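Following: one structure in structure tokens, then a few remarks.
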Amino acid sequence: MSELKLALRLLYRDGRSGELTILVLALIIAVTSSTAIALFADRLQQTMGRQAADFLAADMVISSSSSIPESWWKKASELQLKQSSTTEFSSVLMENESLLLAGIKAVTDHYPLRGHLKTATSDLSNPEQTKKGPATLEAWIEPRILSALKLQIGDTLRVGEQPLKITRLITYEPDKGGDLYSLQPRVMINHADLESTHVIQPGSHIHYTAQFVGNERNLVEFKRWIKPKLNPSQRILDIYDERPRLGSALSRAERYLGLSSIIVVLIAGIAIAMATRRYGERHFNATALLRCLGCKQSKIIRLYALQFLILGGSASLLGCLLGWFAQEGLFQLLRDLLPTSIASASPFSLLFGFATGMVILVGFAMPPLLQLKRVSPLRLLRHDLDPLPSSGWLIYGLALSVIGLLVWYYTDDLRMTFTVIGGGLFAASIMAGIVWLLIKSSSKSFGRLDIGWRFGLQSLSRHPAKTISQILAFTVTLVAMILSFSVRNDLLDDWKAQLPESAPNHFAINIFANDRTPFQKLLEGQQIQSSRFFPVTRGRLVEINGIKVRKIVSKESTGARATQRQLSLTSSTTPPDGNQIIEGNWWKSDNEAVVSIEQKLAQSLKVSIGDKLTFTIGSEQMQVAISNIRSVNWDTMKPNFYFIFPPSALDAFPQTYLTSFYLPPGKKDFLNKLIEHFPAVTLLDVETLLNQFKMILSQLTAAINYLLYFALAAGFTVLFAAVYSTLDDRIHNSALMRTLGAKRSLIKKVQLIEFTVLGFISGLLALAISELILSLLYNQLFGMAHQLNLLLWFLTPLAGGLFVGLAGYVGIRHVMDLPPASILRNL
Amino acid sequence: MHSSPDKQSNAPIIEAINLGKKVSTSEGTLEILSSVDLIINPADTLAIMGTSGSGKSTLLSLLAALDEPTTGSVSLFGQPLAQLDEDGRAELRNQSIGFVFQSFQLLPGLTALENVMLPLELCGDKNAADAAQALLERVGLSNRTHHTPRQLSGGEQQRVALARAFVTEPGILFADEPTGNLDSKTGEQIVELLFELNREKQTTLVLVTHDEPLAALCQRTIRLEAGTVVCQS
């Protein structure tokens, strides 16, 4: 008989006798969850990426202050990249004796390549989606221009020398960025009309973009080709460059997805390891018999490996199928929150789910299985002759490698992978040590306890190795659940705090000193809350420690971008909200020759405390020393600055003021009043940007919530499975105790105490470890500050005790009513 | 120490009437035991014999209140078992019954001493350790008291099991193939010890075996075939 046939037959018999139930369940849970998460993450990522591309109106954009060279367009055509371009500039519009500084945007016919424009003719609440900009001789404008210039749809609007007919009102523009032109009231025209406006003259300040879509490989090749050709004013944009706020939210969400996958795989892996161990122990006799009947060690391993491959393959297939349904269900549940078109899953994700199943099986199930190779045929004569355990290195090495591979896959950071694995190993050995000490030191005092407590605790202390391994398994599962829960909570809280309901949706810049108080009063008169008024002086960083800055900074870096243009410099007596001093000290006196610099810029410029910076302000130069480095929360939608000076430092220079405020939806007309009173003030409307951002965050929030429920459900199921897989010995022992006259209530009490103590200790350890991991995670991965959660400190050990205790109790309860004879016979 | 309720009286210790046991399997109901009537008097020694699968162990577990019959009834020390719930039967087992199993059935995590102490601890005996120690000395294991079953040979494990069975001074002792897992020499020593202790403690003994010489040591023998009693002597 071929080995395959024999393996199939053995597998069938095991399956029929119920031996494989827990193992198969654990595998199915593992594969279902990792497939569902992989598919869900992949589709969500693609969808979000696509949405992010919508915000650029393309997959890749080159932003430039000079027109894009013809050769670049040619290269893009060679690479079959679809193209469009935009040209943006400011221009003063004059109609009906009113003036308005508008942001003009001339777009080519294929604009937008990604996403869509939303426009309306009358009913603004029900706009139409279009994939095309205005036709020639047409102008599409933002609604507020109508009231500011007393115009109506169908009227003529003159841009430069070209009269254009207003045909539609723009309510949504996908690539409306945060720069000056796009925040001014928008007028969109066709690129073909640009020349006849005669607005663009040599020396005009113009912002060009070239937009491209195409397949990823060609885009990457194009990017590589173009990078060395960029001059300092040109940049390549993708989602991460263009939207740092969105980028950080998205990458945090991606990391959370990755973390959830690792967590579910880890939890399931533990269940599989425990289930296989039980499987192995229950197969010692069968294996001894096979060996007795002449089966070689290698054949035994082949037989079991074949069975596991067949089992793993079928469970993984089933898991993939269930995982597919689970993520479909997830998308169905989220359909109101997610964009209407969801990217379809790549077959790779399905394959990933399957591969994960097999890898977990090999990593976690192989070590206990290999133990079977060592079963001695003598066991047939002496039942208590257990096989020698496989080498510890092999057992833990395999499982660790699997976890390491997964961590590496998700974080793409080798150093971090080693940190996690090293930290995990260190934590596990410390934990094992603590538990061992706890067991050894407490066992002497058991004598004074009542019989239930004594038996419960003694049963833990008699098998320290088993107790430690069970506590480690429960601890890891609990840690995984706590991590999933805490990270999700803090991530959501952090997002919520960044963007409260009344997050500022307008910026006002260029407020002259004389206008400051009247401006503030006008806002207050309308009960509109504004942030601080920051004085702003325009200046440029030119030297660091006497060396020209352009010789120091590297191309395409934050430092390069910050030093190639005039910066808004401000002064303040105290650090603004959301700013934290991370190095050095804030100044005590307001007239020191010092400056505070933002952390990322400091890193990019490679400067530290005490370095001398030279600024050019107007025609004068000023040298100051860095007194402190600040971390800045850029996601607050409040004014933020790279450089802050003590107030007296900038007094000598011309200053304007800058503020931000929240304007409720019904008060848009107030903007016109503001412009009327303060014609010199520039108002920037960031509401659209804010709404896009809020929408994405709410979608991510919902997705992350579901992932958490998934991880928790997997955790609870597996915890049950894990408890069940340790029950054999306990059921046997309790049957024997009942034979000798122990009452069921006593047995139940012993079990309850034993499991509750196991759970309680696991909960305590899990808490300590998760706090440690969380503080590392937040610093390294999410860039957030970690705070201790007192509720967690209180609840985790209790929940651990309660849950594991209950699982154990329920597990053993069903055999309590069976006569002891039948249990002793069956085991 | 605990003594059985009726150790000194002449009333039968076990009275089994029309005892039967059926189990359901995937191929239908299987009758393991049918219509067994049996009376066992104080200080009786009874061997239950029969081939493998004849129902010996099933009969023993029914008589010892380890299992419930499908038909018929068992009274132990005049107490009908059907009137007791599982906890009541556990209490009865603890106070009046001792067990010796073929596979020893010692708790693997406990030392020899702790295994012997266990039945006394279950009924709250404060002197459990002393009594267990004395009995372990009696079975010749005074120097092995702190060894776990894994560190003991089969013969030694069965001695511990004997000590555990006698430590509560039960009214009746059930032994299921007590020498089945032992070599003949060790088996003989165990049998010798079992009968010695039995005489000393005046315990009623019910022994399941297919070993003719062992059965011959008992006063009475019943023989089972396919679940029914075919011969009593």
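The values are calculated or read from the model by the stated rules, or taken from the named source; none is laboratory data. Values in this document were obtained by computation on a predicted structure and should not be read as measured data. All Cβ positions, even for glycine, are placed from backbone atoms using ideal geometry, and neighbour counts span all protein chains on display.
Tabulated results
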| quantity | calculated |
| --- | --- |
| Filtered residues of region A:521-542 (kept if more than 19 Å from A:Phe645 (Cα to Cα) and either of a type in the set (A, V, I, L, M, F, W, C) or free of Cβ contacts under 8 Å to residues at least 40 places away in the same chain (or both)) | A:Lys521, A:Leu522, A:Leu523, A:Glu524, A:Gly525, A:Gln527, A:Ile528 |
| Residue match in region A:121-142 (condition: under 30 Å from A:Ser568 (Cα atoms) and over 34 Å from the mean Cα position of the chain (by Cα)) | yes |
| Qualifying positions in region B:121-137 - in contact (Cβ under 8 Å) with a residue 60 or more places away in the chain and in a helix (DSSP H, G or I) | B:Ala131 |
| Of all residues making up region B:61-71, the number that are closer than 17 Å to B:Ile222 by Cα and either aromatic (Phe, Trp, Tyr) or at the interface with chain A (Cβ under 9 Å from one of its Cβ atoms) (or both) | 3 |
| Qualifying position, being more than 29 Å from the chain's Cα centre (by Cα), crowded, with 19+ Cβ neighbours inside 10 Å and away from chain B (no Cβ under 14 Å), among A:Val750, A:Val723 | A:Val723 |
| Selection count where residues are at the interface with another protein chain (Cβ under 9 Å from one of its Cβ atoms) and buried (at least 21 other Cβ atoms within 10 Å of the Cβ), scope region B:72-91 | 2 |
| Matching entry among A:Lys588, A:Lys606 (being free of Cβ contacts under 8 Å to residues at least 24 places away in the same chain and either over 30 Å from A:Asp685 (Cβ atoms) or of a type in the set (Ser, Thr, Tyr) (or both)) | A:Lys588 |
| Matching option when the condition is at negative phi and free of Cβ contacts under 8 Å to residues at least 40 places away in the same chain, among B:Ile97, B:Ile39, B:Ile14 | B:Ile39 |
| Residues located in region B:120-139, provided they are within 12 Å of chain A (Cβ to nearest Cβ) and either under 19 Å from B:Leu63 (Cα atoms) or modelled with pLDDT of 85 or more (or both) | B:Leu120, B:Ala128, B:Ala129 |
| Those residues of region A:77-96 which are of a type in the set (A, V, I, L, M) and over 28 Å from A:Met60 (Cβ atoms), in sequence order | A:Val92, A:Leu93, A:Met94 |
| Some residue of region B:62-71 being of a type in the set (S, T, N, Q) and touching a Ser or Thr at 6+ places or on another chain (Cβ under 6 Å) | no |
| Residue selected from region A:754-771 under the condition of a type outside the set (Gly, Ala, Ser) and buried (at least 24 other Cβ atoms within 10 Å of the Cβ), by the criterion farthest from the other protein chains (Cβ to nearest Cβ) | A:Leu765 |
| Failed condition for B:Ala112, given (1) closer than 15 Å to A:Arg738 by Cβ; (2) more than 9 Å from chain A (Cβ to nearest Cβ); (3) in contact with a His (Cβ under 8 Å, 6 or more places away or on another chain) | (1) |
| Enumeration of residues in region A:133-152 that are in a loop (DSSP other than H, G, I, E, B) and surrounded by 15 or more Cβ atoms within 10 Å (Cβ to Cβ) | A:Gly133, A:Pro134, A:Leu137, A:Glu142, A:Leu151 |
| Looking only at region A:544-558, and only at residues there that are touching a Lys or Arg at 6+ places or on another chain (Cβ under 8 Å) and within 19 Å of A:Gly610 (Cα to Cα), the one that is modelled with the lowest pLDDT | A:Ile552 |
| Only listed residue being loosely packed, with under 13 Cβ neighbours inside 10 Å and assigned to a strand (DSSP E or B), chosen from A:Ile582, A:Ile597, A:Ile509 | A:Ile582 |
| A:Arg730 being surrounded by fewer than 24 Cβ atoms within 10 Å (Cβ to Cβ), assigned to a helix (DSSP H, G or I), charged (D, E, K, R) and within 14 Å of chain B (Cβ to nearest Cβ) | yes |
| Whichever residue in region A:512-542 is surrounded by 19 or more Cβ atoms within 10 Å (Cβ to Cβ) and more than 19 Å from A:Phe670 (Cβ to Cβ) and, among such residues, is modelled with the lowest pLDDT | A:Gly539 |
| Filter result for the condition that a residue is at pLDDT below 90 and surrounded by fewer than 20 Cβ atoms within 10 Å (Cβ to Cβ), over A:Glu161, A:Glu173 | A:Glu161 |
| The one condition in (1) over 19 Å from B:Ala64 (Cβ atoms); (2) in contact (Cβ under 8 Å) with a residue 40 or more places away in the chain; (3) surrounded by 24 or more Cβ atoms within 10 Å (Cβ to Cβ) that B:Leu205 fails to fulfil | (1) |
